[in-house]
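The values are calculated or read from the model by the stated rules, or taken from the named source; none is laboratory data. Since the model is a prediction, treat every value here as computed from it, not as a measurement. Methodologically, a virtual Cβ is constructed for each residue, glycine included, from the backbone with ideal geometry; neighbour enumeration extends over all protein chains shown. What goes into the accessible areas is simple: the full protein's heavy atoms, side chains included, and nothing from ligands, DNA or RNA. Shrake-Rupley method; radii C 1.70, N 1.55, O 1.52, S 1.80 Å.
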Amino acid sequence: MNKKLIALALVLLLAVGGLFATYSVTVPTSVEALLKANVGEFLEHGFTVNSVKYQSSIEILDAFETNPSFVYGYRTNAQGAFKFRMTVGNFLHTNGSSIVKIADVKKSNVSIDPVSGQSYYLLFSENNATSLGTVTHTGEDTFTIVPATATGTDHLGTSIGAGQYVGDATPGAYTATVTIAISAS
């Protein structure tokens, strides 16, 4: 039994001695994480419809009852020069030949002129020499298209003849198209 007791004591001594042994561990080098991100450039534009901005289309009914108005705007952080141009077509009858001309175009209830020698209006002009990053430039205004109600001259300076104005036009449905495009210059 002494031999067994001595053997057990030796086993315990070796096991406990291993707990206090010192080991030489090589400490690894540091590690790193690179966190990267980009602020993307954007250019949005469109109409405000029910308080939602930058919608691509809008439909205004009863345009002969009340001069049709709409809110148009843009926002951007992009680098470059941008021009926002609007063309306004006459009201065209569904028969394809009768028209009601546009008497006036207004921005914030003030008449505006088309660009000299052109048939479009310059609504906004943006020129950013560098990318704006998180800075955003915006523009927004209310535009009103006034249908002709008498003879005279239209918004482009051409004659409004008989039958080309509200009250003297061919009865029926009419549609005018307003197009706003952005050009980089």
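Some notes on this structure:
- Taking the range 47-76 as the range and being under 14 Å from residue 178 (Cβ atoms), polar (S, T, N, Q) and open to solvent by 70 Å² or more (accessible area, probe 1.4 Å) as the test, the residues that pass are 56, 57, 67.
- Condition met for residue 63 (in contact (Cβ under 8 Å) with a residue 24 or more places away in the chain and part of a strand (DSSP E or B)): no
- The range 27-49 residues that are without any contact (Cβ under 8 Å) to a residue 24 or more places away in the chain, paired with ones that are among the β-branched types (Val, Ile, Thr) and open to solvent by 60 Å² or more (accessible area, probe 1.4 Å) (beta carbon under 8 Å, 6 or more apart): 49/58
- Considering the range 159-185, and only residues there that are of a type outside the set (Asp, Glu) and without any contact (Cβ under 8 Å) to a residue 12 or more places away in the chain, the residue that is farthest from residue 96 (Cα to Cα) turns out to be 159.
- Neighbours by Cβ (under 9 Å, 6+ apart or cross-chain): first from the range 121-150, aromatic (Phe, Trp, Tyr); second outside any strand (DSSP E or B) and open to solvent by 60 Å² or more (accessible area, probe 1.4 Å): 121/113; 143/108
- Flag for residue 144 being open to solvent by 40 Å² or more (accessible area, probe 1.4 Å) and touching a strand residue (DSSP E or B) at 6+ places or on another chain (Cβ under 6 Å): no
- Qualifying residue in the range 162-178 (condition: closer than 24 Å to residue 75 by Cβ, modelled with pLDDT of 95 or more and open to solvent by 30 Å² or more (accessible area, probe 1.4 Å)): yes
- Of the residues 135, 110, the single one that is under 20 Å from the mean Cα position of the chain (by Cα) and exposed (fewer than 12 other Cβ atoms within 10 Å of the Cβ) is 135.
- Leading residue by the ranking (farthest from residue 66 (Cα to Cα)) among those in the range 113-132 that are among the aliphatic types (A, V, I, L, M), at pLDDT 90 or above and surrounded by 14 or more Cβ atoms within 10 Å (Cβ to Cβ): 122
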